[in-house]
Amino acid sequence: MQNILIPLCLILSVESPDAERSRPGFTADVVPVLTKAGCNQGACHASQHGKGSFKLSLFGFGPEDDYRAIVRDHQQRRVSRVSPAASLILKKATLSIPHGGGRLIKRDSIEYEILYAWIAAGAPGPETDAPKLTRLSVSPESGTYQVGQTQPLRVMAEFENGSSRDVTQIARYDSFSDSVVSVGSRGTMKVVGRGQGVVMVRFRTQACVAHVLSPFRDPARLSGLEEYNFIDQHAREHWERLGLQPSGVCTDAEFIRRAFLDCIGTLPSPERITRFLASKDENKRADLIDELLGLTGDPHRDVHTKEWTAYWAMKWGDLLKNNRKKAGDSGMWAMHNWIRQSLRKNTPIDQFVRELITAQGSVFENGPVNFIAYGPRPTDLPVVAPATDLAETTVQIFLGIRLQCARCHHHPFEVYSQDDYYGLAAFFTQLESKPTTTFGELGFDATVSVRGTGSIKHPRRGTIVKPKLLHGEEIDETAHDDLRTPLANWVTSPNNPLFARNIVNRVWAHFLGVGLVDPVDDLRATNPPSNPKLLHALAVDFVSHRFDQKHLIRRIMNSRVYQLSSLPRPENAQQTRFYTHYNVKRLPAEVLFDAIDFASGTHEKFPRVPPGTRAIELPDPNFESYFLDTLGRPQRVVACECERTAEPNLAQVLQIANGEILQRKLTDKNGRIAAIVKRDCEETAAILELYLATFSRPPSKNEIEGCVDIIRRSADRKQGFENVLWALCNSREFLFNH
């Protein structure tokens with residue numbers, strides 16, 4: 001598509017017989033031109049203090065303020081109704097006079113013509129009777145292209161009165177995948193690399209995306225690929241479109257270690273590994289998954305309930321920010337115990353979430369109340385968290401929506417406005433906390449209840465904001481004793497696709513290393529999933545099985561995708577989001593600590609908890625451990641999984657290699673090495689035990705020979721075994737789940 005100056009009358013045309021527009025409007029045309037030129041970005045005139053005494057609202061979401069800044073401020077010098085070409089806004093933008101931002105528009109461009117025509121028409125203010133923009137669409141919405149191919153886009157804006165308008169020339173375009181696709185200012189895409197990419201289109205308050213798929217190789221049928229369930233079907237179809245060939249299935253030894261660590265955060269015992277590897281049962285992997293999830297129905301096999309509830313309580317505790325510094329000791333324990341009890345009963349996730357959102361009562365007696373209340377210091381009584389904080393946390397954790405931007409301005413990449421933000425916060429304005437003496441000297445107790453009154457004001461307009469669901473209508477406050485009830489029902493509704501997609505995406509990311517939507521808590525139209533059909537199918541299956549978390553986990557673990565080898569084919573080595581191989585993951589801090597304990601045959605003693613309590617069972621991060629903090633344990637300050645760090649660093653390497661923890665455990669008089677020496681175990685048998693306890697597999701012949709050599713070159717057998725175990729615990733195979 002060439003950069004051709006299209007007549008202004010065509011650009012401003014509205015495809016509706018009774019809505020023709022003869023002149024450009026401020027909100028409809030001028031603001032999009034400024035957005036397209038980048039004038040109202042955060043790095044330019046929309047920064048906190050603006051630039052050169054000229055301040056605009058971010059992305060034009062405050063047109064009244066922008067109009068005043070352009071037309072009224074600066075002694076009205078920025079526009080000249082008498083001589084539009086002499087307007088400062090035009091001369092700066094075209095670099096006719098010095099401008100720190102450089103040339104943003106050309107004199108022969110559509111943007112210049114729109115601004116000129118608007119000024120010549122008297123620079124009218126924001127339209128008060130214009131129909132509301134309800135939807136933005138782009139075509140083609142998706143397509144498959146070859147490198148070097150170009151594709152012009154067409155963008156249509158739709159309004160609440162049924163009219164529509166072609167805004168291709170004044171919409172703003174941004175590529176979210178520069179290595180795959182670039183896009184010009186007029187909406188022409190060019191495919192520059194192979195893979196999957198997205199181009200975002202923005203016009204006023206709406207945004208949409210165009211999907212670009214550029215196959216790595218010629219698409220090929222993978223007809224010989226065995227599918228274990230519907231997950232594999234959707235993955236195979238996507239691989240075929242991309243021209244990708246997946247890795248083979250992992251070995252049984254790799255699978256049992258992977259399954260134990262991913263599902264219950266625990267290494268399998270040498271005895272369980274030996275039985276599993278020796279079994280010839282074709283269904284042994286599916287049986288093992290049911291065993292880990294406690295779904296066999298046989299009490300002699302369903303023995304991992306404690307580990308499963310502890311591990312997933314740790315994960316939910318991270319998300320819900322369960323922390324004694326926020327809730328006090330008793331509140332933290334109440335929340336932790338409630339989470340574990342809910343998991344033990346396999347409470348459906350929708351019920352679990354409803355109990356959290358609508359919780360009331362004592363912070364001691366009712367764990368979920370600590371999601372609503374907090375006490376910054378141990379001496380403070382718990383109080384209800386600010387309504388705005390509760391609104392942000394609720395939608396981020398349970399719907400995967402980052403709404404924080406909308407607190408101050410319209411979300412730059414979404415449809416959510418300040419009205420939406422404060423409409424959501426209004427659901428939490430009628431709560432109060434009162435102290436209670438029910439628990440006497442235990443102190444720090446309070447009850448959260450609904451007082452029936454309370455409201456929140458819009459920060460710009462100063463008006464009372466009514467409770468309003470996202471994408472929904474205002475709620476009648478008189479129809480509900482507790483405003484949180486309709487909110488909780490909407491959040492967890494089977495008809496709310498955001499809820500199921502969010503939970504599914506989080507669980508998928510845990511098992512496969514990266515979410516179908518990444519980051520996992522940023523589900524928006526402009527951040528689409530890598531495999532939309534797969535995410536949709538998983539969400540539908542999750543809803544149809546009544547939000548059963550164990551069912552979801554079983555589905556994922558039984559798929560061929562999950563059971564693929566972690567060794568990628570050479571051409572897929574850099575791919576992580578297409579799941580052609582299992583994505584290797586470093587063990588979480590608590591899991592690694594327990595794994596070292598297990599490998600060395602020791603039990604770490606944590607203060608203020610019963611002996612034998614494992615790291616994954618700790619209820620919050622306030623149990624002092626330099627090891628856990630160094631390895632990335634989150635402090636549960638923010639409701640984001642990003643708080644748990646997984647990237648290795650030098651401090652972690654030094655902690656494992658030279659830290660006191662591992663050395664102390666290797667030499668423990670009651671540990672595994674001491675027991676091996678006491679039994680006077682034969683070297684080969686001892687090496688086998690150490691490999692099973694760390695790598696969950698038998699050693700190869702060369703590995704045995706290498707270990708024997710280490711033992712015989714050591715000062716004595718005990719030190720030799722310690723050296724072998726130290727080397728195993730410092731290896732990538734031990735530190736990572738593969």
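The values are calculated or read from the model by the stated rules, or taken from the named source; none is laboratory data. Small disclaimer: the values here were computed from a predicted structure and weren't measured. Here the Cβ is made from the backbone with ideal geometry for all residues, glycine too, and neighbour counts use every protein chain on show.
Quick check on the stretch 306-313. Is at least one of its residues over 17 Å from Arg258 (Cβ atoms), touching a helix residue (DSSP H, G or I) at 6+ places or on another chain (Cβ under 6 Å) and outside any helix (DSSP H, G or I)? No; the residues of the stretch 306-313 include none that is over 17 Å from Arg258 (Cβ atoms), touching a helix residue (DSSP H, G or I) at 6+ places or on another chain (Cβ under 6 Å) and outside any helix (DSSP H, G or I).
So which of Val138, Val155, Val183, Val199 is surrounded by 16 or more Cβ atoms within 10 Å (Cβ to Cβ), closer than 23 Å to Gln574 by Cβ, modelled with pLDDT of 95 or more and among the aliphatic types (A, V, I, L, M)?
After applying the criteria, what remains is Val199.
If I filter the stretch 704-722 for residues that are crowded, with 16+ Cβ neighbours inside 10 Å, closer than 30 Å to His581 by Cα and in contact with an Asp or Glu (Cβ under 7 Å, 6 or more places away or on another chain), do I get at least one hit? No.
Report yes if Phe598 is in contact with a helix residue (DSSP H, G or I) (Cβ under 6 Å, 6 or more places away or on another chain), modelled with pLDDT of 95 or more and of a type in the set (Phe, Trp, Tyr), otherwise no.
Criteria not met by Phe598.
The set of residues in the stretch 660-682 being more than 24 Å from Phe276 (Cα to Cα) and part of a helix (DSSP H, G or I) consists of Glu660, Ile661, Leu662, Gln663, Arg664, Lys665, Leu666, Ile673, Ala674, Ala675, Val677, Lys678.
Each residue in the stretch 607-628 was checked for being within 13 Å of Ile661 (Cα to Cα) and either of a type in the set (A, V, I, L, M, F, W, C) or modelled with pLDDT of 95 or more (or both), and 2 pass.
Which one of these is free of Cβ contacts under 8 Å to residues at least 12 places away in the same chain and of a type in the set (Val, Ile, Thr): Thr347, Thr358, Thr429, Thr388? Among Thr347, Thr358, Thr429, Thr388, only Thr347 is free of Cβ contacts under 8 Å to residues at least 12 places away in the same chain and of a type in the set (Val, Ile, Thr).
So which residues in the stretch 321-349 are closer than 17 Å to Asn502 by Cα and either buried (at least 22 other Cβ atoms within 10 Å of the Cβ) or in contact with a helix residue (DSSP H, G or I) (Cβ under 6 Å, 6 or more places away or on another chain) (or both)? Across the stretch 321-349, the qualifying residue is only Ile349.
So, in the stretch 584-605, of the ones that are touching a Lys or Arg at 6+ places or on another chain (Cβ under 9 Å) and part of a loop (DSSP other than H, G, I, E, B), which residue ends up surrounded by the most Cβ atoms within 10 Å (Cβ to Cβ)? In this case the residue turns out to be Pro588. Of all positions in the stretch 385-404, none carries a residue that is of a type in the set (Lys, Arg), farther than 30 Å from Leu58 by Cα and in the same structural domain as Val448 (by TED's automatic domain parsing). Among the residues of the stretch 295-315, those identified as free of Cβ contacts under 8 Å to residues at least 60 places away in the same chain and either polar (S, T, N, Q) or surrounded by fewer than 21 Cβ atoms within 10 Å (Cβ to Cβ) (or both) are Thr296, Gly297, Asp298, Pro299, His300, Arg301, Asp302, Val303, His304, Thr305, Lys306, Thr309.
Report whether or not Ala693 is in a helix (DSSP H, G or I) and within 19 Å of Ala589 (Cβ to Cβ). Considered against the rule, which asks whether it is in a helix (DSSP H, G or I) and within 19 Å of Ala589 (Cβ to Cβ), Ala693 comes out as no. Out of the residues in the stretch 25-61 meeting the condition of being part of a loop (DSSP other than H, G, I, E, B) and in contact with an Asp or Glu (Cβ under 9 Å, 6 or more places away or on another chain), tell me which one is surrounded by the fewest Cβ atoms within 10 Å (Cβ to Cβ). My answer is Ser53. With respect to the conditions (1) in contact with a helix residue (DSSP H, G or I) (Cβ under 6 Å, 6 or more places away or on another chain); (2) closer than 21 Å to Thr429 by Cβ; (3) modelled with pLDDT of 85 or more, Gly367 falls short on a single one, namely (2).
Among the residues of the stretch 524-533, is any among the hydroxyl-bearing types (Ser, Thr, Tyr), more than 20 Å from the chain's Cα centre (by Cα) and either modelled with pLDDT of 95 or more or not assigned by TED's automatic domain parsing to the domain that holds Thr296 (or both)? Scanning the stretch 524-533, I find no residue that is among the hydroxyl-bearing types (Ser, Thr, Tyr), more than 20 Å from the chain's Cα centre (by Cα) and either modelled with pLDDT of 95 or more or not assigned by TED's automatic domain parsing to the domain that holds Thr296 (or both), so the answer is no.
Only one of Gly42, Gly38 is under 21 Å from Ala69 (Cα atoms), modelled with pLDDT under 85 and not hydroxyl-bearing (Ser, Thr, Tyr). Can you tell me which?
Working: Gly38 fails: modelled with pLDDT under 85.
Every option except Gly42 fails the conditions.
I'm checking my understanding of the structure. Among residues of the stretch 628-651 that are in contact with a Lys or Arg (Cβ under 9 Å, 6 or more places away or on another chain) and part of a helix (DSSP H, G or I), which one is surrounded by the fewest Cβ atoms within 10 Å (Cβ to Cβ)? Taking the candidates together, the pick is Glu643. Hey, can you tell me all the residues within the stretch 474-512 that are outside any helix (DSSP H, G or I) and buried (at least 19 other Cβ atoms within 10 Å of the Cβ)? Ile475, Leu483, Thr492, Asn496 - these are the residues of the stretch 474-512 that are outside any helix (DSSP H, G or I) and buried (at least 19 other Cβ atoms within 10 Å of the Cβ). Regarding the stretch 163-184, can at least one residue be identified that is part of a loop (DSSP other than H, G, I, E, B), of a type in the set (S, T, N, Q) and in the same structural domain as Ser53 (by TED's automatic domain parsing)? Taking every residue of the stretch 163-184 in turn, none turns out to be part of a loop (DSSP other than H, G, I, E, B), of a type in the set (S, T, N, Q) and in the same structural domain as Ser53 (by TED's automatic domain parsing). Pro126 meets all of the listed conditions (1) in contact with a Pro (Cβ under 7 Å, 6 or more places away or on another chain); (2) in a helix (DSSP H, G or I) but one, namely (2). Of everything in the stretch 186-195 that is touching a residue at least 60 places away in the same chain (Cβ under 8 Å) and part of a loop (DSSP other than H, G, I, E, B), the residue that is surrounded by the fewest Cβ atoms within 10 Å (Cβ to Cβ) is Arg186. Return yes when Ile401 is modelled with pLDDT of 95 or more and within 26 Å of Val209 (Cα to Cα) and no when it is not. No: the conditions fail for Ile401. Scanning the stretch 278-293 for residues that are in contact (Cβ under 8 Å) with a residue 40 or more places away in the chain and touching a Lys or Arg at 6+ places or on another chain (Cβ under 9 Å) gives Ala286, Ile289, Asp290, Leu293.
With respect to Asp108, is the statement that it is of a type in the set (Asp, Glu) and in a loop (DSSP other than H, G, I, E, B) true? Criteria met by Asp108.
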